[in-house]
Amino acid sequence: MIDVKKQLLEDLNQLKLDNSVLQPNTTYDNRKYQQPEMIIIGLEKDCTIYKRTFIKYQFIQLKKRSISKKFESWIGYDDFNGDLIQVHLCLCGRKADQCDAMENFMNNRAKKVSSKNRFSFRCPSIAVIGSDGSGKSTVTTDLEKWFSKKLDCRRYYLGSGDHYNPIYKQGLRTIVRWFGRSRSSNEQQAVNTGKSQLKKTPDRVLKKGLKKGYCHLNAFYLYRISVHSLKQLKKSNDFSKNGGISLFDRFPQNQFMGINDGPKIRKAYGTINSPIINCLMQMEEKNIGRCVKMSPGLVIKLIVSPEIAVTRKPDHSILELERKADIIHTLSFRDAVIYNVDASQQYDIELKAIKKLIWNYLFQCSKTNE
């Protein structure tokens with residue numbers, strides 16, 4: 001690991017270019033402005049040398065903004081502390097132009113004229129997947145916070161867990177509560193009248209009706225999950241086209257049914273003779289298929305043993321976690337770069353390794369889009 005900021009300054013001094021490096025005021029309120037670590041003032045004839053030095057340390061040029069036409073923004077990753085480094089490069093042919101550019105820049109900064117930084121190329125999307133207990137949501141949340149300090153980044157949740165809570169889910173919970181009340185009533189009548197009379201009670205009829213209603217409502221809820229995922233992917237596609245970073249917590253797949261974000265209706269209710277459920281099943285699988293075609297550019301697989309996962313998710317069976325772990329190893333994504341990361345190691349080490357993998361990938365993408 002190297003301290004990229006320190007090394008970059010040393011290289012600039014060794015080149016002895018006609019330039020000066022300004023350190024921004026660290027007391028400045030940068031909540032609305034992504035403050036750079038360095039502002040480099042140089043001449044246009046040295047432009048190639050500056051950019052070659054940045055690329056040496058895997059800096060990526062950002063989309064030009066209206067802060068000043070004379071300024072370029074570059075951003076890199078510092079191995080030493082795991083932070084992003086932003087550098088403003090001001091290239092002007094004359095000293096007078098440099099002064100004017102700096103004055104305009106400082107005036108705009110004082111007015112807090114700013115916007116989120118984005119890449120100048122289409123940014124590939126990044127998906128984090130793993131079995132239950134691997135820490136997908138924790139990792140993607142921390143990555144979003146880390147990127148958002150300097151770049152425009154959005155996190156999209158594509159699963160059916162606690163992070164996705166539409167009104168259909170509340171309806172299902174209501175029916176489950178009704179089931180509980182019906183079961184309690186039946187148990188009480190079993191004591192008073194006997195099981196032979198229990199089958200003829202209105203509560204038994206109510207229970208059958210609730211069960212049928214629950215199956216249809218749950219099938220509709222599972223279909224809506226696929227609709228939600230497809231909408232999120234369409235939004236992220238437009239966002240990535242403009243240079244934003246899209247992070248996915250989970251990603252749909254159709255290689256395994258009923259598990260790991262695959263189609264669920266066929267496995268859960270495929271044996272029920274219902275035209276409504278059959279229609280919902282076909283629409284869900286069609287939506288999942290469209291999601292699969294919008295494959296992410298980079299996939300981070302969080303690998304954790306079932307023994308560790310069950311300590312993090314004690315309400316899950318170890319057999320189910322073993323199966324999900326095997327599926328994660330097997331899953332493939334079209335045209336995606338896939339990395340396996342050990343999710344059982346110390347979390348700060350794991351997160352730092354993921355940041356480095358992502359930044360190396362983004363840097364390679366910037367090179368291919370030059």
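The values are calculated or read from the model by the stated rules, or taken from the named source; none is laboratory data. Quick caveat: nothing in here was measured; it's all calculated off a predicted structure. With ideal geometry, Cβ positions are generated from the backbone for all residues, glycine too; neighbour counts draw on all protein chains shown. When the accessible area is computed, the model is the full protein with side chains, heavy atoms only, and any ligands, DNA or RNA have been set aside. Shrake-Rupley method; radii C 1.70, N 1.55, O 1.52, S 1.80 Å.
Within the set Ser366, Ser344, Ser317, the sole residue that is touching a strand residue (DSSP E or B) at 6+ places or on another chain (Cβ under 9 Å), open to solvent by 40 Å² or more (accessible area, probe 1.4 Å) and modelled with pLDDT under 95 turns out to be Ser344.
Residues Thr311, Thr271: which one is assigned to a helix (DSSP H, G or I), at pLDDT below 95 and open to solvent by 40 Å² or more (accessible area, probe 1.4 Å)?
Details: Thr271 fails: assigned to a helix (DSSP H, G or I).
Within the list Thr311, Thr271, the selection yields Thr311.
Taken as a whole, region 15-24 holds no residue that is of a type outside the set (Asp, Glu), assigned to a loop (DSSP other than H, G, I, E, B) and at pLDDT 80 or above.
Go through the residues of region 72-93 one by one and say whether even a single one is open to solvent by less than 10 Å² (accessible area, probe 1.4 Å), more than 30 Å from the chain's Cα centre (by Cα) and modelled with pLDDT under 80. Yes: region 72-93 contains one or more residues that are open to solvent by less than 10 Å² (accessible area, probe 1.4 Å), more than 30 Å from the chain's Cα centre (by Cα) and modelled with pLDDT under 80.
If you go through region 40-47 one residue at a time, do you hit one that is closer than 18 Å to Phe147 by Cβ and modelled with pLDDT of 70 or more? I'd like the intermediate steps shown before the answer.
The initial filter retains those residues of region 40-47 that are closer than 18 Å to Phe147 by Cβ, namely none.
Scanning region 40-47, I find no residue that is closer than 18 Å to Phe147 by Cβ and modelled with pLDDT of 70 or more, so the answer is no.
With respect to the conditions (1) farther than 16 Å from Lys356 by Cα; (2) touching a Gly at 6+ places or on another chain (Cβ under 8 Å); (3) among the hydrophobic types (A, V, I, L, M, F, W, C), Leu158 falls short on a single one, namely (2).
Of all residues in region 351-362, exactly one satisfies the criterion of being out of contact with any Asp or Glu (no Cβ under 7 Å at 6 or more places or on another chain), under 14 Å from Gly135 (Cβ atoms) and buried (at least 17 other Cβ atoms within 10 Å of the Cβ), namely Ile354.
Could you list, in sequence order, all residues of region 354-370 that are over 19 Å from the mean Cα position of the chain (by Cα) and closer than 16 Å to Ile338 by Cβ? Spell out the reasoning first.
Taking region 354-370 first, the residues over 19 Å from the mean Cα position of the chain (by Cα) are 364, 366-370.
If the condition is that a residue be over 19 Å from the mean Cα position of the chain (by Cα) and closer than 16 Å to Ile338 by Cβ, then Gln364 is the only one that fits.
Number of residues in region 231-262 that are open to solvent by 30 Å² or more (accessible area, probe 1.4 Å) and of a type in the set (Phe, Trp, Tyr) equals 1.
Thr193 meets each of the listed conditions (1) at pLDDT below 90; (2) under 25 Å from Ile126 (Cβ atoms); (3) of a type in the set (S, T, N, Q) apart from (2).
What pairs come up if the first residue lies in region 73-87 and is of a type in the set (D, E, K, R), the second is in a strand (DSSP E or B) and open to solvent by less than 10 Å² (accessible area, probe 1.4 Å), and their beta carbons are under 7 Å apart, counting only those six or more places apart or on different chains? Listed by first residue and then by second, the contacts come to Asp78/Ile85. Scanning region 48-63 for residues that are crowded, with 17+ Cβ neighbours inside 10 Å, modelled with pLDDT under 90 and part of a loop (DSSP other than H, G, I, E, B) yields a count of 0.
Out of Ile276, Ile288, Ile265, Ile303, which single residue is open to solvent by 60 Å² or more (accessible area, probe 1.4 Å) and aliphatic (A, V, I, L, M)? Break it down stepwise before answering.
Values: Ile288 fails: open to solvent by 60 Å² or more (accessible area, probe 1.4 Å); Ile265 fails: open to solvent by 60 Å² or more (accessible area, probe 1.4 Å); Ile303 fails: open to solvent by 60 Å² or more (accessible area, probe 1.4 Å).
Every option except Ile276 fails the conditions.
Of all the numbered requirements in (1) among the hydrophobic types (A, V, I, L, M, F, W, C); (2) under 29 Å from Thr368 (Cβ atoms); (3) modelled with pLDDT under 75; (4) loosely packed, with under 12 Cβ neighbours inside 10 Å, Ala110 misses one, and that requirement is (2). Inside region 211-230, residues that are basic (Lys, Arg) and either crowded, with 18+ Cβ neighbours inside 10 Å or at positive phi (or both) make up a count of 1.
Is it true that Ser246 is within 16 Å of the chain's Cα centre (by Cα), among the hydroxyl-bearing types (Ser, Thr, Tyr) and at pLDDT 95 or above? The answer is yes for Ser246.
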